[in-house]
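This report refers to the structure that appears directly beneath it.
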Amino acid sequence: MKKRERIKRKDNIIFFPGLDKRLTDKGLESLEKKKFSEAIPLLEEARELDPDNENILIGLVLAYFEAGAFEKAKVLANEMLLKGIGEYFQMVDLYLTVLIQLHQYQEIVTTIEALLDEKEIPPEKHDHFLTLLQFSRRMAESHEPQEEADWEESQTSEVSELNLLSNDHINEKLLLIANLTDKNIRPYLDEITDYLKFKDGHPFLKTMLLNLLKEQEIAQELIVEKFAIVEKIVPAQLPEVREQLKMLEVKGLLAEQLENKNPGLFQNAVNMVERTFFISYPIELEPKSAESWAAAFDMLGREYMGMDPEISKIAEKYGAEIPDLEKARERIEAIEKISYPNI
């Protein structure tokens, strides 16, 4: 015998059994047909009857988002995160996507930094969040309101071309790439391929694009040019940015020398290491010696903190050759100047 559905009441109004499911089905059907103005009231009513239903809430966030009601989408997505409704990192991605549309970059920074501090990010998503964090930090510092308005206007229709080569506005390129995170990038593959081998393309943007190509398992051979070095790569076969062998080796050498003796210098040096290897990824720069790179990061870290280190002592401590140390130092200083695009 079929169990009778409990009659639902709200403010002394009786709702027929199954009404919430019918509203949900109609709302999601309207959402699928891109009839967002129809979907929203249906899903809002369904939510009244079943306030913690994951399908209703996700559908409503998406409907708000697609209708341009980004503040409502943000509030609801945040509420779902706090209540633990939905797959956590899918909801985090959705929440951050809404924040990008609202240009609330400082909130993106705060959210991702909290995730990193809690060591909650899955390994396969680490590079994605690191890329978005670095991008958002720069945007939080330098974003200009007029360019923001121009960007919103440009997003009123579906992007059919990225125009990475012809578009001179670095701000727009950053936002275009950031907004490809949840899209199929294969329609843009020819443009991305051209940009990766474009000698004047910004290395930061190229790393962002390579991360997207790797995440979407693009397995064709491509050409990347960075710092006048040209290499053939297969994105799907690239290491994660944070798992580059030389970078890990350099960090290990710095930890041996600095982590316990000077934690502040160690952290500054490690931040510099991550910026340098992010920008240069996947190119392995000269010199080959990890010891020379570690010594150079140590020396520059001291100089940035107002110290006056002796190059011979630093080289001896790491077992580095002074000419290689100097070469690494010059490369780091050059990369530091372009760690983030000038917006």
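Structure notes:
- Solvent exposure of region 293-338 as accessible area per residue, Å², 1.4 Å probe: 53 Å²
- Solvent-accessible area, 1.4 Å probe, carbon plus sulfur percent, for region 33-105: 50 percent
- Calculated FRET efficiency for the pair residue 313/residue 166, C-beta based, R₀ 51 Å, to 0.05: 0.50
- Modelled spin labels at residue 106 and residue 197, positioned 7 Å past Cα toward Cβ, are 4.4 nm from each other.
- Annotation for residue 223 and residue 83: the two label points, set 7 Å from Cα along the Cα-Cβ direction, are 5.4 nm apart.
- Extension reserve of the residue 286-residue 242 stretch, reckoned as 0.36 nm per residue once the Cα distance is removed: 13.9 nm
The values are calculated or read from the model by the stated rules, or taken from the named source; none is laboratory data. Everything numeric here is computed off the predicted structure, so don't read it as measured data. When we count neighbours, we look across all protein chains shown, and the Cβ atoms used for this are built from the backbone with ideal geometry, even at glycine. Surface accessibility is based on the protein's heavy atoms, side chains included, excluding ligands, DNA and RNA. Shrake-Rupley method; radii C 1.70, N 1.55, O 1.52, S 1.80 Å.
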